[in-house]
Amino acid sequence: MEKTSRRGFMGKAFGAVAAVGGVASLVAMKQTWDPLPSVKAAGFTEVDLSTVEANCLVVEKWRGKPIFILKKTAEMVAKQDEAQTARDVIVDGTHYMIAIGLCTHLGCIPAYADKKEIFQCACHGGEFDSSGLDIKAPPPSPLVIPPFNVKGQTVMLGEEGPEYKKMKEAGILA
């Protein structure tokens with residue numbers, strides 16, 4: 001009788017130790033896979049639009065990529081067609097172009113020519129208008145609009161707000 005109860009106890013004790021070890025291993029693996037707090041914090045960038053000057057390109061950094069922010073003048077907005085206006089982020093009646101500043105051809109960083117109001121890629125001669133639409137080949141598509149959320153005069157990059165979701169539903173971001 002004594003051998004059976006001792007054997008049962010040892011089996012249960014071994015099972016309990018194995019279960020605790022298994023749970024501890026799973027917790028350690030999950031912590032290893034989770035991004036570091038510094039990486040999570042880099043996923044969002046806050047930009048104050050009140051300091052942006054008209055027709056003057058501001059370049060911010062989000063997730064290691066350049067983000068172009070261009071406040072448009074009233075003349076620029078007046079010249080736009082429907083497709084260009086659909087890509088604008090409008091804050092308190094002011095139109096902004098917000099896009100990832102990488103050419104969709106080979107990932108070069110286009111330069112902004114403020115007199116012509118276009119972005120020019122020096123590598124292969126591609127051009128984008130002030131809304132980020134490709135107007136001269138070889139870029140196959142417009143500049144990419146990053147996820148954003150407008151909060152007053154501030155734009156939070158990396159967060160999908162209602163304006164971004166509306167663009168997504170309209171197929172502007174595709």
Exercise. Which value, in Å³ per residue, describes the convex hull spanned by the Cα atoms of the stretch 1-106?
Worked result: 205
Exercise. Once fully extended, how much extra length lies between Ala83 and Val59, figured as 0.36 nm per residue of separation less the alpha-carbon to alpha-carbon distance?
Worked result: 6.3 nm
Exercise. According to the Cα gyration tensor, what semi-axes, each the square root of 5 times an eigenvalue, does the equivalent ellipsoid of the stretch 40-169 have, listed from largest to smallest in whole Å?
Worked result: 21, 18, 14
Seminar exercise, completed: Residue span Ala19 to Trp33: 0.36 nm per residue of separation minus Cα-Cα distance leaves a gain in nm of 2.9 nm
Exercise. Using the 10 angstrom Cβ neighbour count as an exposure proxy, how do His105, His95 rank, fewest first?
Worked result: His105, His95
Exercise. Sorted from fewest to most neighbouring beta carbons within 10 Å, what does the list Cys108, Cys56, Cys121 look like?
Worked result: Cys56, Cys108, Cys121
Problem set entry | Footprinting exposure proxy for Val20, Val150 (fewest neighbouring C-beta atoms within 10 Å first) | Val20, Val150
For this session: Kindly provide the helix-only [θ] at 222 nm of the chain, computed as the sum of -39,500 (n - 2.57) over DSSP H runs of four or more divided by all residues, to the nearest 500 deg cm²/dmol?
Result: -10000 deg cm²/dmol
Problem set entry | Glu160 versus Lys12: modelled label distance in nm, points set 7 Å from Cα along the beta carbon direction | 5.0
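Bear in mind that the values in this text are calculations on the coordinates, not laboratory data. Remember, predicted model here, so these are calculated numbers, not experimental data. Here the Cβ is made from the backbone with ideal geometry for all residues, glycine too, and neighbour counts use every protein chain on show.
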